[in-house]
């Protein structure tokens with residue numbers, strides 16, 4: 001299964017569980033989100049940020065994935081590097097899907113709520129804006145993230161970006177990258 005087929009299957013699944021109110025909303029982040037805003041680059045995974053419905057827990061999302069997609073889910077709770085508190089990963093085809101919970105992660109929640117529909121692999125999908133993508137990439141700040149940020153700033157509303165960076169206490173980090 002190609003990355004395009006894996007992507008389509010993943011988006012169809014998340015649209016379905018959103019309609020069923022298992023999740024409130026989700027948006028594409030990471031390397032594939034870049035392709036909505038700048039020239040695409042190679043990536044090996046699908047990254048999504050998710051707002052889970054109030055009645056459900058993060059482990060319930062893992063169970064839904066395991067049951068419906070018949071995929072083993074790796075759960076990760078807490079990380080030292082970023083504000084990500086809950087993450088899970090699973091495989092669709094040959095592609096890893098990384099899911100990040102917006103619970104307790106205001107930047108991710110805000111990014112999802114302000115995301116827009118963009119075309120990725122010929123499919124309309126909710127994608128975080130360049131400004132939020134830059135801020136999310138500032139958290140782990142790998143070498144690739146720095147390259148991505150420098151390309152994304154050309155598409156960003158700089159006034160909005162600086163305001164959001166200040167609001168989320170990322171302004172010094174952003175300025176050091178720029």
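Structural descriptor for the chain: relative contact order 21 percent, calculated from alpha carbon pairs under 8 angstrom and at least 6 residues apart.
Students often get this wrong: which residues of the stretch 139-153 have the backbone nitrogen under 18 Å from the point 7 angstrom along Cα-to-C-beta of residue 176? The answer is 139-150, whose backbone nitrogens lie closer than 18 Å to the label point.
A simple spin-label model places pseudo-atoms 7 Å from Cα toward Cβ; at residue 106 and residue 70 they are separated by 4.4 nm. In the chain, the convex hull through the Cα atoms has an average projected area of 9.6 nm², a quarter of its surface area. Modelled spin labels at residue 117 and residue 142, positioned 7 Å past Cα toward Cβ, are 3.2 nm from each other.
The DSSP beta bridges internal to the chain are antiparallel in roughly 75% of cases.
No lab work stands behind these numbers, since they all come straight from the coordinates. Just so it is clear, the model here is predicted, and its values are computed rather than measured. Every residue, glycine as well, gets a Cβ built from its backbone with ideal geometry; the counts of neighbours run over all protein chains shown.
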